[in-house]
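This report refers to the structure that appears directly beneath it.
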Amino acid sequence: MVLGDTIAAIATAPGRGGVAIVRVSGPEAFAVARRIAGKEPTAGKTVRARFAGVDDGVMVVFAAPHSYTGEDVVEFQGHGGAIAPRRVLEACLAAGARLARRGEFTERAFLNGRLDYDQAESVLDLVDAKTVRAADAALEGLAGRRHRECGELYETALGISTELEHALDVSEEELPDGFIEGMQARIGRLRERLAAAVARANEGKILRQGALVVLAGPPNAGKSSLMNALLEENRAIVSDIPGTPRDSIEEWLDLDGWPIRLVDTAGLRTTADEIESEGVKRAEALVAEADVVL
């Protein structure tokens, strides 16, 4: 890991679009900006500029520590597409920056204290969100809700432990009436809060990865017809011939905000057909892994 150098990358998704952003972060970000735009970067200012003769747009400047990474940051907002942002990036690399690794801007934000670990993970969750519910959960993590909840649970447990240790090992006085019962009640409430937190964590895993729902059963049981009905499209081949699907077919489904990995599998039966037999083995493996089996 190289820290303290200046990195650059295209910050917007590839493909056709009106605008693309090339981001530069690090101690030499302003120097790179001067070489690219021929203008002095001023924090908090948006400046119209031409970028090394290869594109034109606006230059947005953030001074450390008031930036996403906590470092000096310059963003070149130019035209989208395949060529223009790549040429601006190449100009930044030629001006002294190096190509950023995947996720390195968020990594630097974490290392510089701009994000905690949970918030850094939430950035990825938000980018990868496939449903509105998943995006909302990621935003809660980015706002620090899970971090605060863990801190509150820890402080509650620490407080109970401290009072118990003082009463049993330090204090020479007799335990007051109802002390043990009160502690049991407090511990019971803490257990309930912990169980609820674990349940939300499991929900978060499903929102990030999707619930694996496997359609399984003998040939011609209606698995492919059910998949097509749920997806509202003819995704899987439906036939009266037993054993038509010989491999699994997976599609994403948004079910009231819950991301579902819906998988149609080969019919479960004993067969001498080598290809179909492999499909059955894969179906059995998916059944063993599934969150829900239909």
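The values are calculated or read from the model by the stated rules, or taken from the named source; none is laboratory data. Remember, predicted model here, so these are calculated numbers, not experimental data. When the accessible area is computed, the model is the full protein with side chains, heavy atoms only, and any ligands, DNA or RNA have been set aside. Shrake-Rupley method; radii C 1.70, N 1.55, O 1.52, S 1.80 Å.
A compact table of results
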{"quantity": "The chain: translational diffusion in µm²/s, Stokes-Einstein, Kirkwood Rh over Cα pairs, 37 °C, 0.692 mPa s", "calculated": "136"}
{"quantity": "The range 114-257, accessible surface, carbon-and-sulfur percent (1.4 angstrom probe)", "calculated": "53"}
{"quantity": "Kirkwood hydrodynamic radius of the range 114-165, Cα pairs, Å", "calculated": "12.2"}
{"quantity": "Other-chain or far-sequence residues with amide H under 5 Å of Arg98's (modelled H)", "calculated": "Thr6, Ile7, Ala8"}
{"quantity": "nm² value of the averaged projected area, convex hull over the Cα atoms of the range 10-146", "calculated": "8.4"}
{"quantity": "Stretch gain in nm, segment Glu149-Arg50, where the contour uses 0.36 nm per residue and the Cα spacing is subtracted", "calculated": "30.9 nm"}
{"quantity": "Relative contact order, percent, the range 1-54 [alpha-carbon distance under 8 Å, six or more residues apart]", "calculated": "26"}
{"quantity": "Karplus-derived HN-Hα couplings along the range 118-134 (A = 6.51, B = -1.76, C = 1.60, θ = phi - 60°), whole Hz, x at Gly and Pro", "calculated": "5, 5, 4, 5, 5, 4, 5, 4, 5, 5, 8, 4, 10, 9, 5, 4, 5"}
{"quantity": "Gain upon complete extension [Thr162, Ser248; 0.36 nm per residue less C-alpha separation]", "calculated": "25.5 nm"}
{"quantity": "Accessible area (Å², per residue) of the chain, counting only protein heavy atoms and a probe of 1.4 Å", "calculated": "59"}
{"quantity": "All-pairs Cα distance distribution in the range 145-218, expressed in whole percent, bin size 10 Å", "calculated": "15, 32, 22, 15, 9, 5, 1, 0"}
{"quantity": "14 Å tail of the calculated P(r), the range 13-67, as % of Cα pairs", "calculated": "55"}
{"quantity": "The range 33-75 - percent of accessible surface contributed by carbon and sulfur, probe 1.4 Å", "calculated": "52"}
